[in-house]
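Structure record follows, encoded as structure tokens.
The values are calculated or read from the model by the stated rules, or taken from the named source; none is laboratory data. Predicted, not measured: the structure shown is a model, and the values here were computed from it. Virtual Cβ from ideal backbone geometry, glycine too; neighbours counted across all protein chains shown. These accessible areas exclude ligands, DNA and RNA; they are computed on the full protein's heavy atoms, side chains included. Shrake-Rupley method; radii C 1.70, N 1.55, O 1.52, S 1.80 Å.
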Amino acid sequence: MQIKLWINDREFEDEISPDTVLIDFIRSKGFLSVKRGCETSNCGLCTVYLEGKPVLSCSTLAMRADGKHITTIEGIEEEAKEFGGFMADEGAEQCGFCSPGFIMSVLAMKKELKNPTEDEIKKYLEGNLCRCTGYMGQLRAIKKYLESQI
Amino acid sequence: MKVVNKGLRKKDAMALVTGKPVYTDDITQGSSLVVKLLRSPHAHANIEEINIDKAKNLKGIECVLTYKEVPSARFTTAGQSFPEPSPYDRLILDRRLRCVGDPVAIVAGVDEKTVNKAISLIKVKYEILEPLLDFRQALDNEIIVHPEEDFNALCDVGADNNRNLCAAANSESGNLEEEFNNCVHIVEQTYSTRANNQTMMETFRTYTNLDAYGRLNVISSTQVPFHIRRILANALNIPKSKIRVIKPRIGGGFGAKQSAVSEMFPAIVTMVTGKPAKMIYSRKESFTNGSPRHEAEIKVRLGADENGVIKAIHMYSLWNAGAYGDHGPTTVGLSGHKAMTIYNKIKAFKFNYDVVYSNTMWGGAYRGYGATQGFFALESAVNELATKLNMDPTELRLKNMLTENQVGDTMPTYYNEILNSCTLDKCLIKAKEMIEWDKKYPYVDMGGDKVRSVGVAVAMQGSGISQVDVGAVEIKLNDDGFYTLNIGATDMGTGCDSILAQIAAECLDCEYDNIVVHGVDTDTSPYDTGSYASSTTYITGMAVVKTCETLKNKILKEGARLIDRSIEEVDFDGQKVFSLIDDKNITLKDIANSSLLGFNNYLTASESHHSPTSPPPFMAGIVEIEMDKLTGQIDLIDYVAVVDCGTPINPNLARVQTEGGLVQGIGMALYEDIKYNKDGRMMNDSFLQYKIPSRLDVGNIRVAFESSYEPTGPFGAKSIGELVINTPCPAIANAVYNATNVNIRTLPITSEKIVMGMLENK
Ligand code: FES
Ligand code: FES
């Protein structure tokens, strides 16, 4: 089937099979920040924005994005760098494989929640797994980042 | 120190946090064959007939391989120095299938759909054999997992395939029975730890192609590129000179990638077809056929006198190798040698073990490398001893364990190495203060069914493998005076590229940014055994120190020559070589630039390092939990870890290593457990069923350092990466006991087991 969508404001028109999963479509267009970590929608590595809202691209069909706008971390590099700097200062990215999906979720959270408590932060990001860092460094980075935004 | 002991950003940090395409699958985009496996549905079977005709003829399929088409010499996939202690007990494809998921056929084609279709078209007739699933029954069982005649143990590890024995040994000293006879208190218990999956976020993956010289190029997510070169040469039966291995950024390893898991399959496809090939393990495959922690059953006998002085320890470890022996003979050793060494004042010890084959998934290396299992057993036994003595378990430890006072002592259970550095006593005392142990031990009643209790454990690990690990580096002086640090050690997220650059910058008196790090390409990188055994900072770090010394001398010599002074008359401050007798000088930039012109010397140095010792880092871990005594539910409140890793080269990275290791340990303690059904198929093969800790599960974690100075390490550093996974299992078990009087001796520590234990106590 034919779909047309925008990834980071670039238009893509393509013939796809109906079972094409969004993550594969996005990666095939060269947006390689988007990672797969599971087949069961449990890890959050594949998080992208669909019309500005975070979704798991591994469990979203590409055709669902027909006519819509997708954002990956490549599309919000400046924001990612800003928050990423706080991560880097904590050493809170180790292997970094979870970082793009995690950062997408953090930046979405920042828009959605006003002055979130520690519990709210953890709850919002629960679906973003990280096997390297033990989460504490990420939390320190988030807190410092949110403070810097006030 | 200007650069060392600073929490600098990792050199790759900004690339990683902005999602740059730096991992295996990212840098190998473009057409390549998709490689997948038909895997055995049976835990034990022989292939009677296999028909691949239909699969082969499917449009888009380039190659289908069975056991008939692969080389027939056995090898091991364990990434270890040659001769590997792990027996040569496998083939790329074998007629005999030894566990569910063992590969039956390799299929390569243009895309995933076609390959899946082809796999479904392969017809196999299996001779189904009775599987040996319970490793406790494996020794001398009539079912033999490796009956083959060409089974080959290169090292004398006590292997005997006719007895299902992958390895066995015994070591002891002192008069054990006499010491036990004189003990007033003896704890004798059996502890069980389960197989855990590393679940690094990037699953196993490998890309292969042939280069312009017809050599096999391998880009792989591996911790051990140089070992992969040898393993592939063995597996494919081709000369090592025909293989080049490149390691890009890695999405985590934790030991899983210290084995060749995915490498052989695309490699043989490329050799057969001449075409680029890629294999990406699904999460499910990474679960069902990865290289998890070995399941173990450890018997501990521990004796003390009336004052609680521990006199004798006997540990026996029964180890499940699973279908193949990767890392079996070596991980098991750490279960005793590392654990017992903490109690170095004992008068007698015995440590013996059997590593047995069974028809379950083969094990591998997982952070802690066997020590983790041993520490759960021994530290739990020590906590049980404290109960018998009616003594605070922290007091019992302070009385018996290694402390700063014992620096200089020989450690008989630790290959007779000498203790050079230790602040374990300070670690434990600080951890007690941080958690307010004296106020909280054993528990505080919170009202209702809730109590908050504390639990303790101490641990150590090594720093590299003495006399085995080798790390070499090369440093080149380039235009304008920047340096390239060429390493063979593999940064897998640990930050070793950055840590080694920090060491180099400190030694060469330059900015951290003036060091460019390059690794790893087996064609150009200096040899390194790889990143495992907590070796990189300690071993390769020393190679950096040595190389900097050599290079500095060359810079001095060249600088002196250029300003017409003798080498005794000059010094180097990182910026310039200057005369000590007058004001003549020449900048590093000028030396560097002139070194690229004729008549002058190009400046580069390379040194390697190995170590006769493996100095242990130490730590104390104390956990506070909230226990619901009605349901047995555990909530983690606080985890305090105080670590002696010598000088932390980068305190930020050391801290995050500690936090990450603790959380993996918490997962192991509370729920991670590879489970099989009665046919030997892994049941919990997804994150849905095999739960790893999320950020809601871990409570608060606080890390502090009590640094000693290790004279044999770079700037006093020891290791940290593995140590930090060792305390959660015994500490949490201890906290559960302090809340409920129930000793959980079989991991994971579940609510059901706690409730059952409380019922039994009544
Ligand atoms: S890849 Fe795991 S949730 Fe999408
Ligand atoms: S940094 Fe490796 S998984 Fe999060």
Ranked order, B:36, B:56 - accessible area, probe 1.4 Å, largest first: B:56, B:36
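With +1 on each Lys and Arg Cβ and -1 on each Asp and Glu Cβ, how big is the dipole of the stretch B:471-609 about its Cα centre, in debye rounded to the nearest 20?
For this selection, approximately 260 debye.
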Out-of-range pairs (alpha-carbon distance over 26 Å; input A:123/B:6; B:299/B:347; B:299/B:399; B:2/B:552; B:345/B:440; B:68/B:678): A:123/B:6; B:345/B:440; B:68/B:678
Within the stretch B:292-393, GluC sites (Glu not before Pro) in DSSP loop having at most 16 other beta-carbon neighbours inside 10 Å: B:306
Rounded accessible area of residue A:29 (nearest 10 Å², 1.4 Å probe): 60 Å²
Normalised alpha carbon radius of gyration of the protein assembly as shown [divisor 2.2 N^0.38 Å]: 0.95
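Arrange the peptides B:727-739, B:310-322 so that the one whose residues have, on average, the most other Cβ atoms within 10 Å appears first. Don't skip to the end; give the middle numbers.
Values: B:727-739: 28.9, B:310-322: 25.4.
Descending packing order for the listed peptides: B:727-739, B:310-322.
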Hydrodynamic radius (Kirkwood) for the stretch A:15-150, which is based on Cα pairs only, to one decimal in Å: 15.2 Å
Occluded residues from the stretch A:86-108, i.e. those whose accessible area drops by 10 Å² or more once the chain is not alone (1.4 Å probe): A:88, A:89, A:90, A:91, A:93, A:94, A:95, A:96, A:97, A:99, A:100, A:103
DSSP H segments from chain B that extend 24 Å or more along their own axis, Cα-based, with Kyte-Doolittle mean of 0.0 or above: B:371-389, B:651-670
Distance in nm between pseudo-label sites at residue B:162 and residue A:41 (7 Å out along the Cβ direction from Cα): 5.6 nm
Contact order relative to length of chain A, as percent, for alpha carbon pairs under 8 angstrom and 6 or more apart: 25 percent
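What does the charge count around residue B:96 come to, taking other residues whose C-beta lies under 14 Å from its C-beta (Lys +1, Arg +1, Asp -1, Glu -1)? Show your work: numbers first, answer last.
Numbers: positive: B:68, B:74, B:90, B:95, B:98; negative: B:48, B:89, B:94, B:102, B:127, B:130, B:148, B:149, B:150.
Computed value for this residue: -4.
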Shape call, chain B: gyration tensor on alpha carbons, a/c limit 1.5: oblate
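With +1 on the Cβ of every Lys and Arg and -1 on the Cβ of every Asp and Glu, and nothing else charged, how large is the dipole of the stretch A:76-148 about its Cα centre, in debye rounded to the nearest 20?
Dipole size: approximately 160 debye.
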Cβ-based charge dipole, the protein assembly as shown, positive-most Cα from A:128, B:654, B:665: A:128
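Evaluate the relative contact order of chain B (contact order divided by residue number), counting alpha-carbon pairs under 8 angstrom at least 6 apart; express in whole percent.
On the way: 2003 pairs, mean separation 112.7, N = 762.
Contact order relative to length: 15 percent.
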With DNA, RNA and ligands ignored, accessible area of residue B:94 (1.4 Å probe; Å², nearest 10): 20 Å²
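Could you please state how large a percent of the accessible area of the stretch A:2-74 is carbon and sulfur, counting protein chains only and using a 1.4 Å probe? Write down the numbers at each step before the final one.
On the way: 1490 of 3080 Å².
Answer for the stretch A:2-74: carbon and sulfur cover 48 percent of the accessible area.
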Spin-label model distance (nm) - residue B:139 vs residue B:152, 7 Å beyond Cα toward Cβ: 2.8 nm
Buried area at the B-A interface (accessible, heavy atoms, 1.4 Å probe, summed, Å²): 4200 Å²
The stretch B:275-400 - Kirkwood radius from inverse mean 1/r over Cα pairs (Å): 16.0 Å
Carbon + sulfur, % of accessible area of the stretch B:585-635 - ligands and nucleic acids excluded, 1.4 Å: 54 percent
Summed residue charge, Cβ within 12 Å of residue B:409's Cβ, Lys/Arg positive, Asp/Glu negative: -1
Label-zone membership for the stretch B:35-71, site residue B:110, 7 angstrom Cα→C-beta point, backbone N under 19 Å: B:35-36, B:54-64
Only Lys, Arg (+1) and Asp, Glu (-1) charged, at Cβ; the protein assembly as shown dipole about Cα centre in debye: 1480 debye
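Just the accessible area per residue of the protein assembly as shown, please: how many Å² with a 1.4 Å probe?
Numbers: 31740 Å² over 912 residues.
For the protein assembly as shown, the per-residue accessible area is 35 Å².
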Dipole of chain B, positive direction: furthest Cα of B:454, B:70, B:51, with charges on the beta-carbon: B:51
Relative frequency of Cα-Cα separations exceeding 18 Å in the stretch B:471-609, percent: 53 percent
Unit charges at the beta carbon, dipole of the stretch A:2-74: most positive-side option, A:60, A:26, A:47: A:47
Solvent-free Debye scattering, log10 I(q)/I(0), computed from the Cα coordinates of the stretch A:76-148 at q = 0.23, 0.27 Å⁻¹: -1.07, -1.58
Sequence-distant lysines (8 or more away, or on other chains) whose Cα lies within less than 17 Å of residue B:675: B:284, B:691, B:753
Accessible carbon and sulfur surface of the stretch B:262-346 relative to its total accessible area, %, 1.4 Å: 54 percent
³J(HN,Hα) computed for each position of the stretch A:62-72 - Karplus, 6.51 cos²θ - 1.76 cosθ + 1.60, integer Hz, glycine/proline x: 4, 5, 5, 8, 4, x, 10, 9, 10, 10, 10
Along each principal axis, Cα extent of the stretch B:374-456, largest first, Å: 52, 24, 20
Listed residues B:305, B:156 arranged by accessible area, highest first, probe 1.4 Å: B:156, B:305
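Looking at the stretch A:2-74, what % of the alpha carbon pairs are farther apart than 16 Å?
When all Cα pairs of the stretch A:2-74 are counted, 39 percent exceed 16 Å.
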Cysteines (scope chain B) whose Cβ has no counterpart Cys Cβ under 4.7 Å: B:63, B:99, B:155, B:166, B:183, B:422, B:427, B:496, B:510, B:645, B:729
